[in-house]
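Student: There's a structure below that I have some questions on.
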Amino acid sequence: MSVPQPPEPIPGARLLFSLDPAVSHLNHGSFGAVPIAVQRAQQRLRDEMEANPLRFFTQGLVDRIAHTRRHLAGFLGADPDGSALVGNTTTGVAVVLQSLGLQPGDEVLSTDHGYGAVSLAVQRECRRTGAVGQVLPIPLAATDEQIVQIIRAGLRPGRTRLLVVDQLTSATARLFPTAAIVGVAREHGVPVLVDAAHAPGMLATPVSDIGADFWVGNLHKWAYAPRGTALLTVAPRWRERIEPLVVSWEQESGFPARIEWQATLDYTSWLAAPAGLFTLRSLGVDRVRAHNAALAAYGQRVVGDALGVAPADLPDPGGPGVSLRLIPLPAGMAATIDAARALQTRVGERIATEVAVMSWNGRGWLRLTGQVYNTADEYERLAARLPALLAQR
Ligand SMILES: Cc1ncc(COP(=O)(O)O)c(C=O)c1O
């Protein structure tokens, strides 16, 4: 079957980044890539901070953070007064978990598509409080309706104190029907925390359509912000109950300042984040989204073809606009996290191509992303060289 045409490249986009030109960077999903203009914006802020640290921290920084938060929340369709900047999604998850006041016997429900570090955070909070973590298995090929049904069946009203669900999963690159899931959980009186690590910059309306109790997403992946920039949004009824991980001087100011102000840290990543949105808007937000999703789909097909995977066996992301795609690896390959990491390193070293190799439920997967700095030939080169590398097990 013929492979679809790749999208038109975005001219000059690669030059906006300081990525090593000798390497194909097909894994934007793990740590993003910060455009040069955004790096410079952050450096200018650091220069300002170092020119007079006392003035930088004591005169107006809290207001500058609030202003930045409003700007980022506006872009995401989140309530600016119901949102707080945090360092990353993992931190936002930890803030929510430890604010719930879980009791022995309470349950926290999640799925087997959840992000590893988030699952570990749930496990630790359950151990600390005597609550119980329940993980629902959801088949990769499940339809949206089936996903909602499985989750509905797993909710235990009166016992389930939190449902943690991904908006777009990391290991399986699956867009979950988050709004429908939140609707079902609400019918059962169960609060929902949406792990939206990949949503900002990738999905058109990441927050407003969902109505979750808690939503946290990274701007340092697809919204081109410096690393260390995430937004946590909290529904009104929870705002006074949300506590920071570290108590600092804004503790008595309530939400969100008490979450945001974490004493002497480097806040320049947050303050420079609007420069990331500026880059995204300059390129055209919709154009970038469409380009990235089409290029990832193209990469999935060419590399899938090269590995002999039938198009029907290439996982569908479950919706439009997804710039992460999976390709199944031959059975038995990258079946454990260690094996997946080793293969990822080998692909990087031998083919000069950075990819994500994921191990999910005992099966290995290659995860490719599309970004404005990528071109079709990078996926074609990987497709040409990967089969021989995999054959050398
Ligand atoms: C679904 C998901 N959740 C959480 C995270 C954690 O993000 P961070 O490392 O920025 O906290 C990631 C990172 O890739 C992710 O993909």
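The values are calculated or read from the model by the stated rules, or taken from the named source; none is laboratory data. This structure is a prediction, so every number in the text was calculated from the model and none was measured. Every residue, glycine among them, receives a Cβ derived from its backbone with ideal geometry; neighbour counts consider all protein chains shown.
Student: Can you confirm whether A78 is under 21 Å from A275 (Cα atoms), touching a strand residue (DSSP E or B) at 6+ places or on another chain (Cβ under 9 Å) and away from the ligand (no atom under 16 Å from the Cβ)? Quick ask: steps written out before the conclusion?
Tutor: Numbers: under 21 Å from A275 (Cα atoms): yes; touching a strand residue (DSSP E or B) at 6+ places or on another chain (Cβ under 9 Å): yes; away from the ligand (no atom under 16 Å from the Cβ): yes.
Yes, satisfied.
Student: Being out of contact with any Phe, Trp or Tyr (no Cβ under 9 Å at 6 or more places or on another chain), within 14 Å of the ligand (Cβ to nearest atom) and either more than 16 Å from N88 (Cβ to Cβ) or not in a helix (DSSP H, G or I) (or both) is the filter here, so list the residues in region 26-42 that pass it.
Tutor: The one that is out of contact with any Phe, Trp or Tyr (no Cβ under 9 Å at 6 or more places or on another chain), within 14 Å of the ligand (Cβ to nearest atom) and either more than 16 Å from N88 (Cβ to Cβ) or not in a helix (DSSP H, G or I) (or both): N27.
Student: Now for a different question. Scan R64, R14, R46 and give me the residue that is more than 16 Å from the ligand (Cβ to nearest atom), among the charged types (D, E, K, R), within 24 Å of S323 (Cβ to Cβ) and assigned to a helix (DSSP H, G or I). Before you say what the answer is, go through the steps one by one.
Tutor: Working: R64 fails: within 24 Å of S323 (Cβ to Cβ); R46 fails: within 24 Å of S323 (Cβ to Cβ).
Answer to the selection: R14.
Student: Here's a check for you: in region 180-202, which residue that is under 19 Å from A293 (Cα atoms) and touching a Lys or Arg at 6+ places or on another chain (Cβ under 8 Å) is nearest to the ligand (Cβ to nearest atom)?
Tutor: Going residue by residue through region 180-202, those that are under 19 Å from A293 (Cα atoms) are 196-202.
Now narrow it down to the ones that are touching a Lys or Arg at 6+ places or on another chain (Cβ under 8 Å): 197-198, 200-202.
Values: A197: 3, H198: 6, P200: 11, G201: 13, M202: 11 Å.
Of everything passing the filter in region 180-202, A197 is nearest to the ligand (Cβ to nearest atom).
Student: When you scan region 223-269, how many residues do you find that are among the β-branched types (V, I, T), outside any helix (DSSP H, G or I) and surrounded by fewer than 24 Cβ atoms within 10 Å (Cβ to Cβ)? Step through it out loud before you land on a result.
Tutor: Going through region 223-269, the residues among the β-branched types (V, I, T) turn out to be 229, 233-234, 242, 246-247, 259, 264, 268.
Those still in the list that are outside any helix (DSSP H, G or I) too: 229, 233-234, 242, 246-247, 264.
Checking the rest, the ones that are also surrounded by fewer than 24 Cβ atoms within 10 Å (Cβ to Cβ) come to 242, 246-247, 264.
Looking only at that region, the number is 4.
Student: Scan region 90-114 and report the pairs whose first residue is part of a helix (DSSP H, G or I) and whose second residue is more than 16 Å from the ligand (Cβ to nearest atom) and modelled with pLDDT of 95 or more, with Cβ atoms within less than 6 Å and a gap of 6+ or a chain change.
Tutor: S99/R241; S99/I242; S99/E243
Student: Restricting attention to region 95-114, which residues are more than 9 Å from the ligand (Cβ to nearest atom) and out of contact with any Lys or Arg (no Cβ under 9 Å at 6 or more places or on another chain)?
Tutor: Within region 95-114, the first condition is being more than 9 Å from the ligand (Cβ to nearest atom), and the residues that meet it are 95-112.
Residues satisfying the conditions are V95, V96, P104, S110, T111, D112.
Student: So which residues in region 204-222 are modelled with pLDDT of 95 or more and surrounded by fewer than 24 Cβ atoms within 10 Å (Cβ to Cβ)?
Tutor: Here is the first cut: in region 204-222, the residues modelled with pLDDT of 95 or more are 212-222.
Selection gives D213 alone.
Student: I'm trying to understand the selection: among the residues of region 165-179, which are more than 10 Å from the ligand (Cβ to nearest atom) and within 23 Å of L100 (Cβ to Cβ)?
Tutor: V165, F176, T178, A179
Student: Considering only region 321-335, how many residues are more than 14 Å from N27 (Cα to Cα) and assigned to a loop (DSSP other than H, G, I, E, B)? Talk me through it step by step, then tell me what you get.
Tutor: Going through region 321-335, the residues more than 14 Å from N27 (Cα to Cα) turn out to be 321, 328-335.
Next, from what is left, pick out any that are assigned to a loop (DSSP other than H, G, I, E, B): 321, 329-335.
Of the residues in region 321-335, 8 are more than 14 Å from N27 (Cα to Cα) and assigned to a loop (DSSP other than H, G, I, E, B).
Student: Condition first: farther than 21 Å from N292 by Cβ and more than 9 Å from the ligand (Cβ to nearest atom). Now tell me which residues in region 203-219 satisfy that. Full working, then the answer.
Tutor: From region 203-219, those farther than 21 Å from N292 by Cβ are 208, 210-216; that's our starting set.
Passing the criteria: S208, I210, G211, A212, D213, F214, W215.
Student: Let me ask you something else. Search region 375-393 for residues that are within 18 Å of R14 (Cα to Cα) and pair each with any residue that is among the aromatic types (F, W, Y) and part of a helix (DSSP H, G or I) when their beta-carbon atoms are under 7 Å apart and the residues are at least 6 apart or on different chains.
Tutor: Partner pairs satisfying both residue conditions: A376/Y298; Y379/Y298.
Student: Applying the selection to region 135-191, what residues are without any contact (Cβ under 8 Å) to a residue 40 or more places away in the chain, of a type in the set (D, E, K, R) and under 15 Å from V118 (Cβ atoms)?
Tutor: Correct list: empty.
Student: With the structure loaded, tell me whether T172 is surrounded by fewer than 19 Cβ atoms within 10 Å (Cβ to Cβ) and either assigned to a loop (DSSP other than H, G, I, E, B) or under 23 Å from the mean Cα position of the chain (by Cα) (or both) or whether it fails that test. Walk me through it before giving the result.
Tutor: On the way: surrounded by fewer than 19 Cβ atoms within 10 Å (Cβ to Cβ): no; either assigned to a loop (DSSP other than H, G, I, E, B) or under 23 Å from the mean Cα position of the chain (by Cα) (or both): yes.
When the stated conditions are applied, T172 does not pass them.
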